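Notes follow the structure.
The values are calculated or read from the model by the stated rules, or taken from the named source; none is laboratory data. Keep in mind that what you see is a predicted model, and the values were worked out from it rather than measured. Reconstructed Cβ throughout: ideal geometry from the backbone, glycine too, with neighbour counts over all protein chains shown. We work out accessible area using only protein heavy atoms, side chains counted, and drop any ligands, DNA or RNA first. Shrake-Rupley method; radii C 1.70, N 1.55, O 1.52, S 1.80 Å.
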Amino acid sequence: MSFYKPLFWLLIYIIVAVFIDVYLGAHLANPIIVVIGIFVFVIGWLWFNKKQFNLLISWLKQGAKNKDQYHFAGNCKEIADYVERLLKQRDQENQHSTDQLNKLLGAIQVSPNGVLLLDQDYKIEWCNATAAQHFSLDSELDLQQHITNLVRDPKFIAYLESNNYQKPLKLALGHDEGQKLLIQLHPYDEGRLLLLTNDITQLERVERMRRNFVADVSHEIRTPLTVLSGFIETIQNLPLDEAERKHYLDLMQQQGDRMQSLVNDLLTLARLEDSPPPPMDQWVSVKSILEHTKNTVQELSAGQHKITVNSFDNVAIAGIESELISGVANIAVNAVRYTKQGGNIDISFKLIDGEGVFQVKDSGQGIPAQHIKNLTQRFYRVDKSRSRDTGGTGLGLSIVKHIVLRHGGRLDIKSIEGKGSSFSLVFPTNRIKQLESQNSQAG
């Protein structure tokens, strides 16, 4: 519409001039003056439009910003308005794309797997925090650095340059190669590479523990089975009198009991690992736990040890009664087994800074310091022959540790070789409740 406005005013000018010439006879409206007027008008109109066009070009060169400062008119104003609308639409689309990209990068950033982008020259274009941690990179300073300058492992370099990425690569990193990574490269976009990393350290450790556990269980069961097989062969092939036959049958019974204890302990461990956390609203009196423990160790000791039990009447612990009794009784039974005849065994309960502590102290042979940290491992024995002679399966302290941890506590072990040991089951304050009755001493 603005293009026709000058023509509209030119037409009005001509009509007015003709009207004056015909009806008024004015000399100002003669044809020469009309032509001159038209010429001046066209020149002015062209000059104005050229100025507007130059303003439009200048505005576009400046990035099409601050349109109101340029005072556009006519066609140039329409063009500027249209360009401004297009630019706003483009900016909105770009902002939407940027937001979507940031959301995607944010999701990749918190991924537990490492993500790293390499260009055609194996230079780092981007990586998330997990990949930076896996390779000890700086996600900002190491951009555009060659990956082989930062990860110098020969296996990784060979894998990178092989161009055969069908199978992932297992890589051991760290000073002690304690971290295990599973790495795989995926080509994309004409030469670029997507590098994915997965920390499998824990999976490798669990798998190693599983293999060791299966091997240990097989070994523990194989020994009594071999003994049983030998006894059966002896009974079948040798003429034995009644006393000898009874002796062999008693030995076979011992091996059978040993296998039964091993199976029971394995089932107990499996149940502890799969069970839900102990409740916080089921209270077990400390007195009942100590009484069960006292009865158990006195029966096992048969009067061969000096046993002292400190019984509390006014404290209860939140948890599962059978597990708590089993945990305390287990360390007390160990004290009886590894303390010589005439030795002292003290079983007590204390409140220390609000925590409940079951403690079993003995005057036994003690444990060498280098073994203490491994005592709660499955099938770990300081003296394998002595442990088997005393009827142990090698799983007792592992069971105790699981019980204490399930109740939010900890197992503390102190020992001096040749002087005795102290085992303490420490339970947190939120599982301890004071009762109204008074404590008493019992021996």
Check on Asp362, buried (at least 19 other Cβ atoms within 10 Å of the Cβ), in contact with a strand residue (DSSP E or B) (Cβ under 7 Å, 6 or more places away or on another chain) and acidic (Asp, Glu)
yes
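Here is a list: Ala316, Ala335, Ala329. Which entry is within 28 Å of Leu269 (Cα to Cα), crowded, with 20+ Cβ neighbours inside 10 Å, among the small types (Gly, Ala, Ser) and over 37 Å from the mean Cα position of the chain (by Cα)?
Checking each option against the conditions leaves just Ala335.
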Do any strands (runs of 3 or more DSSP E) lying entirely in the range 128-212 carry at least 2 residues that are of a type in the set (D, E, K, R) and over 25 Å from the mean Cα position of the chain (by Cα), and which ones are they?
none
Members of the range 69-123 found to be touching a residue at least 24 places away in the same chain (Cβ under 8 Å) and not in a loop (DSSP other than H, G, I, E, B), listed by number:
Gly74, Asn75, Cys76, Lys77, Glu78, Ala80, Gly114, Val115, Leu116, Leu117, Leu118, Lys123
Given the conditions (1) loosely packed, with under 11 Cβ neighbours inside 10 Å; (2) within 24 Å of the chain's Cα centre (by Cα); (3) more than 30 Å from Ala64 (Cα to Cα); (4) not hydroxyl-bearing (Ser, Thr, Tyr), every one holds for Gly114 apart from (1)
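Which residue, of Leu300, Leu267, is under 23 Å from Glu321 (Cβ atoms) and over 42 Å from the mean Cα position of the chain (by Cα)?
Result of the check over Leu300, Leu267: Leu300.
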Taking the range 320-369 and keeping only residues that are under 26 Å from Gly408 (Cβ atoms) and of a type in the set (Ser, Thr, Tyr), one is left with Ser322, Ser326, Ser348
In this structure, does Gln254 turn out to be open to solvent by 80 Å² or more (accessible area, probe 1.4 Å) and at pLDDT below 85?
yes
Go through (1) within 38 Å of the chain's Cα centre (by Cα); (2) open to solvent by 70 Å² or more (accessible area, probe 1.4 Å); (3) among the polar types (S, T, N, Q) one by one and return the number of the condition Ser261 breaks.
(2)
Options Gly37, Gly63, Gly25; residue that is loosely packed, with under 10 Cβ neighbours inside 10 Å and either touching a helix residue (DSSP H, G or I) at 6+ places or on another chain (Cβ under 7 Å) or modelled with pLDDT of 70 or more (or both):
Gly63
Can you find even one residue in the range 279-291 that is at pLDDT below 80, open to solvent by 80 Å² or more (accessible area, probe 1.4 Å) and farther than 22 Å from Ile331 by Cβ?
no
Anything in the range 323-358 that is closer than 15 Å to Lys419 by Cα and touching a helix residue (DSSP H, G or I) at 6+ places or on another chain (Cβ under 6 Å)? List them, or say none.
Val336, Ile345
